[in-house]
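Okay, structure first, notes after.
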Amino acid sequence: MTYSRRVTALAVSFLPLLFAPAFADSDVLWKIVHDKCVVQTAPCLSVNTTEHYAMLKDLRGVAQVLLIPTDKITGMESAALLDPATHNFFADAWAERGDVDARLPHALPRDGLSLAVNAQQARSQNQLHIHVDCLGADARAALKADADTIGVDWAPLPDTIAGHKFTAVRVKGETLGDFNPFLALAKTLKDPAKEMGDHNLVVVGADFADGPGFIVLTDVAAPGMGGEDVQDHSCAITH
């Protein structure tokens, strides 16, 4: 069997697992990354052994990819995310945005790309994964309108975004650099170890009047509402 056929066969072998109901196996992503990707890369797109993560094309959407740590980190509630020594996975996800652009007719504008992590009760998998995909058109328009009113201190957004009443903060710069959204959120909480898991966390690229940056969004998840709600897996903004 050729390499390309072997990769295809491996990917297909996981299709029933990924299409299965969420309750069927909440460890599918961990099994794919730990049992397959760290051994031979496929079916992942790439594995970064230095930063301890893998990139996997999600079966949903035309371009959506997932950044998944290669270490066991269950999700927003994980103590590892409160450790400054843990890699800045949001910064890594932004750096890997080319995996999304490669599947679209043209590269996304900065303010069209979003990185989302769902709260503990709003997710189906017990392995941290950052959804990297197009921002929904309505969410993009609302954030563009609000962008220059968002400050460097966390404050509620005036507009509802994809049904969420987010609190937001701006971050300046082409990249996230040393700004770690997980640690930034933790600093706002009285008891991060207990409260982090209740939160959605989203990072969106932005073009502020004074230069490029990011808008970071968070809220306490309502039943069934994840940070991923801001995304459009059909990538309509590229049509």
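A few notes on this one:
- Checking each residue in region 180-220 for being over 19 Å from V230 (Cα atoms) and free of Cβ contacts under 8 Å to residues at least 40 places away in the same chain picks out A184, K187, T188, L189, K190, D191, K194, E195, D210, G211.
- Test: residue in region 68-79 that is at pLDDT 95 or above, under 16 Å from the mean Cα position of the chain (by Cα), within 22 Å of L104 (Cβ to Cβ) and of a type in the set (A, V, I, L, M, F, W, C): yes
- Scope region 174-233; condition among the small types (G, A, S) and closer than 13 Å to L81 by Cβ; matching residues: A184, A186, A193, G197
- Subset tally (residues that are in contact with a Lys or Arg (Cβ under 7 Å, 6 or more places away or on another chain) and among the β-branched types (V, I, T)) for region 37-78: 2
- For region 209-217, the criterion of being assigned to a loop (DSSP other than H, G, I, E, B) and closer than 22 Å to D133 by Cα is met by no residue.
The values are calculated or read from the model by the stated rules, or taken from the named source; none is laboratory data. Keep in mind that this is a model prediction, so the values were computed, not measured. Methodologically, a virtual Cβ is constructed for each residue, glycine included, from the backbone with ideal geometry; neighbour enumeration extends over all protein chains shown.
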